[in-house]
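Colleague: Sharing a structure here in structure tokens format.
What follows draws every value from the coordinates through simple rules; no lab data is involved. Everything numeric here is computed off the predicted structure, so don't read it as measured data. Cβ placement follows ideal geometry from the backbone for every residue including glycine, while neighbour counts extend to all protein chains displayed.
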Amino acid sequence: MIFAEILAIGSEMLTPFRLDTNSLYLTRTLEERGVAVIAKMIVGDVQDRIIEALDLASRRSNVIICSGGLGPTIDDITKEAAASFLGLPLELRPDVLVTIEERFRRRGLRMPEGNRRQAMIPAGGTVLPNPNGSAPGVYLESKGRQFFLLPGPPFELEAMWEQYGLPLVGKDRPLQRLVLRVAMLPESKVDEMLGPVTGRLRATGYTILASPGEIEIHFLAPEDSAQELASAAEETRKLLGHHVYAEGAQTLEEVVGRMLRESGKKIAVAESCTGGLLGSRITDVPGSSTYFERGVVAYSNRAKVELLSVPEETIRRSGAVSEPVARAMAEGIRRLARVDVGIAITGIAGPDGGTAEKPVGTVFVGLAVEGNETVVERFSFPGGRNRIKFFSSQAALNMLRLRMLKGD
Ligand code: ATP
């Protein structure tokens with residue numbers, strides 16, 4: 001595992017008026033690369049304090065990232081502190097000086113003398129170009145540690161980091177990543193189910209990323225621990241079984257699309273509360289015309305009756321958001337479109353329209369498959385309107401997937 005530590009340098013962040021946001025950005029990018037940020041420090045513009053912080057950080061982390069204090073003014077002392085800590089002299093780098101002078105010249109200005117300091121680089125350091133500012137960054141390797149000195153302004157730091165910094169992190173230790181995708185299980189449940197696997201991991205990192213109706217399980221391991229990663233993945237597949245719908249970057253609609261194409265089945269959808277989202281997701285997949293026949297948005301009661309032949313009596317008796325209506329919609333669209341599978345969604349996306357019996361988030365998904373009994377599932381989704389709509393489309397796709405896995 002690679003451990004990283006971030007030093008946000010700047011006395012202004014020790015006041016109540018300025019927040020360190022750079023470390024949030026850096027942490028996100030590092031996490032995506034499987035690097036664990038184990039500590040962050042905010043340090044004022046005082047050389048001895050910065051040296052102390054570098055000393056502490058380099059004892060426990062492999063990657064140390066400093067942000068701020070690369071500017072031309074006298075209180076910008078990050079490079080001096082790092083050079084002193086690593087026992088390196090600062091050297092004037094003529095190529096860097098030319099780049100900075102050129103930057104001023106292009107704007108019709110003469111470079112102020114103070115900016116010469118920005119061309120002073122600790123000996124042996126690699127210059128990280130600054131696409132959005134004058135202060136170059138610095139990369140240093142020393143005692144098996146990687147040090148990055150980045151500018152403070154987020155707009156400068158982000159561009160430099162993405163292009164020149166991040167690719168260097170852990171460059172000697174290529175990582176293997178394996179992503180397993182799970183639909184319609186809560187994050188806490190997945191985490192609990194995977195307890196026996198994750199508790200034993202030594203060199204392999206493990207992260208769960210959750211979004212509505214979708215969990216990504218990431219395993220990351222250095223190449224020399226590929227075996228551990230492979231067995232963790234194998235055990236995960238066993239523990240989660242059919243809940244894992246894909247590996248790698250595939251979406252649920254792509255997986256369902258592939259299954260439909262392979263089975264030669266055609267589908268049609270009837271949507272109420274999702275307003276066409278399910279059809280839209282299905283048709284996001286290139287080639288979906290081979291299996292997607294039509295989608296109907298039947299929002300009003302009248303549309304359900306006129307376009308899907310839902311009996312008026314059923315709506316009156318059970319309400320538009322109900323098991324019998326979802327059933328009638330699914331069967332109706334299947335019959336009218338003359339296809340193998342009909343899927344229907346009816347629900348309450350809110351914020352209004354909920355009742356004690358059917359609160360906001362209540363959704364019924366109907367699945368009518370030729371030669372089989374129609375199935376309707378009731379769901380209770382959390383969140384706002386968009387979230388409930390997405391959850392509903394996800395649930396419908398997943399019901400179809402599970403049904404096809406059974407071979408129906
Ligand atoms: P400059 O050339 O602009 O002086 P610098 O590398 O010296 O760049 P600082 O002077 O330390 O950077 O900071 C410049 C500005 O960048 C700060 O006023 C602040 O707005 C922003 N900044 C610095 N550090 C952070 C941080 N950790 N998070 C968010 N913003 C920051």
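Colleague: Length gain on complete extension for the stretch ASN372 to ARG28, per 0.36 nm per residue less the alpha carbon to alpha carbon distance?
Modeller: On the way: separation 344, 0.36 × 344 = 123.84 nm, distance 4.71 nm.
Between ASN372 and ARG28, full extension yields an extra 119.1 nm.
Colleague: If each residue's Cβ is checked for other Cβ atoms within 10 Å, how do CYS273, CYS66 rank with the fewest at the top? Let's see the in-between values first.
Modeller: Details: CYS273 23, CYS66 29.
So the ranking, lowest neighbour count to highest, is CYS273, CYS66.
Colleague: Based only on other Cβ atoms within 10 Å, what is the fewest-to-most ordering of ILE315, ILE38, ILE345? Walk me through the numbers before you get to the answer.
Modeller: Numbers: ILE315 20, ILE38 13, ILE345 27.
Least crowded to most crowded, the residues run ILE38, ILE315, ILE345.
Colleague: On to the next question. Rounded to a whole number of µm²/s, how large is the Stokes-Einstein D of region 172-316 at 20 °C and 1.002 mPa s, given Rh as the Kirkwood radius over C-alpha pairs? Walk me through the numbers on the way to the answer.
Modeller: Working: Rh = 17.9 Å.
The diffusion coefficient I find is 119 µm²/s.
Colleague: So how compact is the chain: Cα radius of gyration and Dmax in angstrom?
Modeller: So, for the chain, Rg and Dmax equal 28.6, 87 Å respectively.
Colleague: If exposed means no more than 14 neighbouring beta carbons inside 10 Å and the site is in a DSSP loop, what's the longest run of the chain without any exposed GluC sites (Glu not before Pro)? Let's see the in-between values first.
Modeller: Values: sites that count: GLU357, GLU370, GLU373.
So the longest stretch without any such site is 1-356.
Colleague: If the only charges are +1 at each Lys and Arg Cβ and -1 at each Asp and Glu Cβ, what is the size of the charge dipole of the chain around the Cα centre, to the nearest 20 debye? All intermediate terms of the calculation are to be shown ahead of the outcome.
Modeller: Working: 49 positive and 51 negative charges, 176 e Å.
Its charge dipole is roughly 840 debye.
Colleague: Hey, which of these cross-link pairs are over 23 Å Cα-Cα: LYS171/LYS238; LYS143/LYS171; LYS266/LYS304; LYS40/LYS79; LYS189/LYS238? Please report the intermediate quantities before stating the final value.
Modeller: Numbers: LYS171/LYS238 33 Å; LYS143/LYS171 16 Å; LYS266/LYS304 21 Å; LYS40/LYS79 19 Å; LYS189/LYS238 15 Å.
Among LYS171/LYS238; LYS143/LYS171; LYS266/LYS304; LYS40/LYS79; LYS189/LYS238, the Cα-Cα distance tops 23 Å for LYS171/LYS238.
Colleague: Can I ask one more? Working out 0.36 nm times the residue gap between GLU223 and ASN386, then minus their Cα-Cα distance, what length gain in nm do you get to one decimal? Each step should come with its number before you reach the end.
Modeller: Details: separation 163, 0.36 × 163 = 58.68 nm, distance 4.04 nm.
54.6 nm is the gain from fully extending GLU223 to ASN386.
Colleague: Would you mind ranking PHE391, PHE364 so that the residue whose beta carbon has the fewest other beta carbons within 10 Å leads the list? Show your work: numbers first, answer last.
Modeller: Details: PHE391 24, PHE364 27.
The fewest-first ordering by Cβ neighbours comes to PHE391, PHE364.
Colleague: Helix-only mean residue ellipticity at 222 nm, the chain, DSSP H runs n ≥ 4 weighted -39,500 (n - 2.57), per residue, nearest 500. What is it? Don't skip to the answer; put the middle values down first.
Modeller: On the way: 14 runs with 150 residues, N = 408.
-11000 deg cm²/dmol, from helical runs alone.
Colleague: For region 126-256, count the residues as N, evaluate 2.2 N^0.38 Å, and divide the Cα radius of gyration by that value, please. Don't skip to the answer; put the middle values down first.
Modeller: Values: Rg = 18.9 Å, N = 131, 2.2 N^0.38 = 14.0 Å.
Normalised Rg, Cα atoms only: 1.34.
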